[in-house]
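Data first, discussion second: the structure below is written as C-alpha cells.
The values are calculated or read from the model by the stated rules, or taken from the named source; none is laboratory data. Bear in mind the structure is a predicted one, so any value in this text is a computation, not a measurement. Neighbour counts are summed over all protein chains in view; Cβ atoms, including those assigned to glycine, are modelled from backbone coordinates with ideal geometry. Accessible surface areas use protein heavy atoms only, side chains included; no ligands, DNA or RNA. Shrake-Rupley method; radii C 1.70, N 1.55, O 1.52, S 1.80 Å.
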Amino acid sequence: MKNSRERSFTDFLVELVIYGVFVVLYLYFVFYFLSDWLKSMFSENRIEYAVVAFVLMFVQSVGLERITTGLLFLIRRHKR
Amino acid sequence: MYFPISGTHLDPIVLVLLGFVVGVLGGFFGVGGSFLAGPALFAMGVPFNFVVGTDLLHIVGKSLVAAREHHLLGHIDLKLAAVMVIGTIAGSETGVQAIEYLKQGAHVNLVVGIVSIVVFTLIGIFAGIEGWTVLRLHRSGAQESGREKDRLAFGFFARAMEGIQLPPHVRLEQSGIESISIWSIVLVSIIGGLFSGFLGGGAGYIRMPCLVYLLGIPTHVAVGTDLFEIVISAGYGAVRHAMNGNVDILIALVMQTGAAIGAQTGANLTQYFSGPRIRLAFAPLPMLGAILVAQKLLSGGH
C-alpha cells in the first residue's frame, strides 16, 4: 500500500515537471501572440470579446484536461 | 507582469499557484473555490468588478469538464436541472445588474466586499457545525445510510421545504423524490444564480447545501446537478460580465493552467479522507476568504 502511494506520488511529480514546461511555453505563446489582439477587441467590440473569451476558456479547459490525463497515462505505462 | 485588459500588475506564478490551490479545492471538496480565488485576486490588486467576471470565466471551463464526467456517471438529474435553469439565469442576471448599478456609484468594492465577508463567514460556520454534528453522530454509533445520512445534521430544513405545497408539483425519479413544488426548486435556483452573478464563481457553496438540505436531493446527484447549474450560471454570468467589460481573459487563462493539474491532485486526495472529515476541513477556507477581503478593505483597498 505504502509502495503504491509512493509510486503515485513519484508519477505526480514527473507529471508536474513535464506539465510545468508545457505551461510555460503555452503561456509565452498566449501573451506574445494574443495579448494585443485581445486588448484591442476588449476596447472595440465587447460582444466579440465575450464570445472569444468563452471559446478560448472552453478549448483550454478541455485541452488541458486531456493533456493531464494523457500525461499520467503515459508515465504509468512507461514505468510498467 | 502587466495585464493590459484590467490594467493590473500581477505575478503569473502566483496566479498559476492560486489556480492550483483552487483546483485542489475543486477536486477535493467538490466546490469551485471562488470563496478563496475571488478574495485572493482582490487582495492582489484586481478591482472587484474584474474579480467577479474573471473568476466566473475561469470556473466555466473547469465545471464543463467535471459536469461531463458526472453526466456519464448518471449523477445529473436532468429534470431538476431543466427546472432550475430558469431561476438560475434570472438570479444571475439580477446579480450582474446589481454589479453594474454599484459600478455607477463607485461603491462596488466596498459593497461586494462586505457582502462577501458576511456570506463567507456564514458558510464557514454552517460547514463547521454540519461536519462536527455528523462526526459526533458517527462517533456515538448512530447507523444511518444513503439519503438519511445526507440529511442528518440539518434535516429539519428539508422537512420545512417539503411543507411548501404550492402547485404545480414535479416528480424527480432520479433523486427519489415523489412530489415537490416547482416553486421551491425555482427559489433555490434563483438564490444560487444571484450569488453567482453578484459575488462571482459558480455559487456551488450555496446551491449545493440548498439542494441537499432544503430540497432533499441525494449528495451525489446534488454534486452533478450543481455542476450543471454552475456551467449555466457561470457561463451566462461570464458572457454578460465580458460584454460589460468585467472580464480579463488573460488572468483567467493563466489561473486555469494551475487549476487543471490541481483538480486532478484534489480528486486523488479524496481517497485518503472520509466525507464528514472533508466537510469539517472545508469550514475554515471561506473564513480565510472573508479575512482576505476584510484585510484589503481595512487597508484602504476600496
- Note on the structure: Pairing a residue in region B:247-271 that is facing chain A (nearest Cβ under 7 Å) with any residue that is outside any helix (DSSP H, G or I), where Cβ atoms lie under 8 Å and the two sit 6 or more apart in sequence or on different chains, gives B:247/B:5; B:249/B:5; B:250/B:3; B:250/B:4; B:250/B:5
- Which of the residues belonging to region A:23-47 are more than 7 Å from chain B (Cβ to nearest Cβ) and open to solvent by 90 Å² or more (accessible area, probe 1.4 Å)? A:24, A:25, A:28, A:29, A:32, A:33, A:36, A:37, A:44
- Query: Quick one: which of B:191, B:206, B:251, B:232 is surrounded by fewer than 19 Cβ atoms within 10 Å (Cβ to Cβ), of a type in the set (A, V, I, L, M, F, W, C) and closer than 26 Å to residue B:98 by Cα?
  - Reply: B:191
- Task: Mind listing just one residue for me: the one in region A:1-19 that is more than 9 Å from chain B (Cβ to nearest Cβ) and surrounded by 12 or more Cβ atoms within 10 Å (Cβ to Cβ) and, of those, modelled with the highest pLDDT?
- Result: A:18
- Give region A:48-80 a look and list any residue that's open to solvent by 80 Å² or more (accessible area, probe 1.4 Å) and more than 7 Å from chain B (Cβ to nearest Cβ), or say none. A:48, A:51, A:59, A:66, A:73, A:74, A:76, A:77, A:78, A:79, A:80
- Could you grab me the full set of residues in region B:222-246 that are over 16 Å from the mean Cα position of the chain (by Cα) and assigned to a helix (DSSP H, G or I)? B:239, B:240, B:241, B:242, B:243
